[in-house]
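Just below is one structure, and these are the notes that go with it.
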Amino acid sequence: MLADLRKLPLSFGTAAALASLVAAPHAKAASSAATPAPAGRASRAGQVLPIDNGPEIHGPSCLKQTICAVKEKIRWQTPAWTPSQCGRIADAVATSAKRHDLSPTLLLAIMVNESDMNEKAARVYTRDGKVYAKDGGLMAIRCLLDDHERCTNGNVRGVAWKDLMDPVTNIELGARELAHWRDGGGVMSKTIIKLDTDGHRQRVTKDVPCDHKNHAWWAHYNHGPRYIDKGYPRHYPHRIAVLDHAFATVMNTPAPELTAGPITIHDPGKRVRTVDRPLEPRYKKLYEQIMSGGTCAALALN
């Protein structure tokens, strides 16, 4: 299933800060202008064109094996992946993680949370009987649709829905979205004192890049530009963190984002949430399913 109903649009209301061209071997998304992209054929905005990167190289065996093992445990009424499919997903995760300086384990945690690793997962939104948006794929990418089934929103503007649903492209778009929020895409309000034209002091509130001081930056993948610090949604980053920690443990690889600062706002009077302690029933089960596969030897996943 996709992320729970409390999930907000990934790119809803945000500016298109990253490139909207998507390309890859068998649909790998091109990186933004700030990130060197592999050479490939030129394309119009939103058009997916293949890149010739030579023979396909499967991702590290630990990553591939972990992906296959977890997929088998959590899939629900969906087909298992073949070793070849697991290898393709591992390649995509490793490539996008390296391109955007992300932990592969964080990408996997998002993938498990958003779709239960179901590459065909989709949620349709209608208004007045007409479909106006869909969330889809492994990373549950939000697409506001035009009349030609192309996305019109934020970082996926111009991407065709059918291309967005390609697993490799979908992983790249999710990684791009994460990097966007980490690198200043999130915002927060700040009040400053300014002098008006008459020399009087005035309090002015303006939006500035979010400093993520009381929450993990990947919270914005779910929340959009502003972190939701009230109610159930404030613990979204912790739920991702426990899955990230589980993957990092079984693959014996670091996940530096888990020790970089506060993960989530804690409940007053209760024990602070930690990455090794899932609390909600769904996350307890997923944590155990990921951890039950044993550990790999230490491998460089990047």
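Key figures
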| read-out | value |
| --- | --- |
| Top-ranked residue in segment 59-80 [being in a loop (DSSP other than H, G, I, E, B) and in contact (Cβ under 8 Å) with a residue 24 or more places away in the chain; ranked as farthest from Met117 (Cα to Cα)] | Pro60 |
| Test result for Pro225, within 16 Å of the chain's Cα centre (by Cα), surrounded by fewer than 23 Cβ atoms within 10 Å (Cβ to Cβ), part of a loop (DSSP other than H, G, I, E, B) and not polar (S, T, N, Q) | yes |
| Of the criteria (1) over 26 Å from Ala94 (Cα atoms); (2) part of a loop (DSSP other than H, G, I, E, B); (3) not hydrophobic (A, V, I, L, M, F, W, C), which one Asn252 fails | (1) |
| Criterion violated by His266 - all others in (1) part of a loop (DSSP other than H, G, I, E, B); (2) surrounded by 15 or more Cβ atoms within 10 Å (Cβ to Cβ); (3) of a type outside the set (A, V, I, L, M, F, W, C); (4) touching a residue at least 40 places away in the same chain (Cβ under 8 Å) satisfied | (4) |
| The listed residue being touching a residue at least 24 places away in the same chain (Cβ under 8 Å), under 23 Å from Ala97 (Cβ atoms) and among the polar types (S, T, N, Q), out of Asn214, Asn222 | Asn222 |
| All strands (runs of 3 or more DSSP E) inside segment 99-153 with 2 or more residues being under 14 Å from the mean Cα position of the chain (by Cα) and under 24 Å from Arg282 (Cβ atoms) | 130-136, 141-144 |
| Residue within segment 82-97 that is surrounded by fewer than 24 Cβ atoms within 10 Å (Cβ to Cβ), outside any helix (DSSP H, G or I) and either within 19 Å of the chain's Cα centre (by Cα) or at pLDDT below 95 (or both) present | no |
| Number of the exception - Ile171 against (1) modelled with pLDDT under 95; (2) touching a Leu at 6+ places or on another chain (Cβ under 7 Å) | (1) |
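The values are calculated or read from the model by the stated rules, or taken from the named source; none is laboratory data. What you see is a predicted model; the values in this text were computed from it and never measured. Every residue, glycine among them, receives a Cβ derived from its backbone with ideal geometry; neighbour counts consider all protein chains shown.
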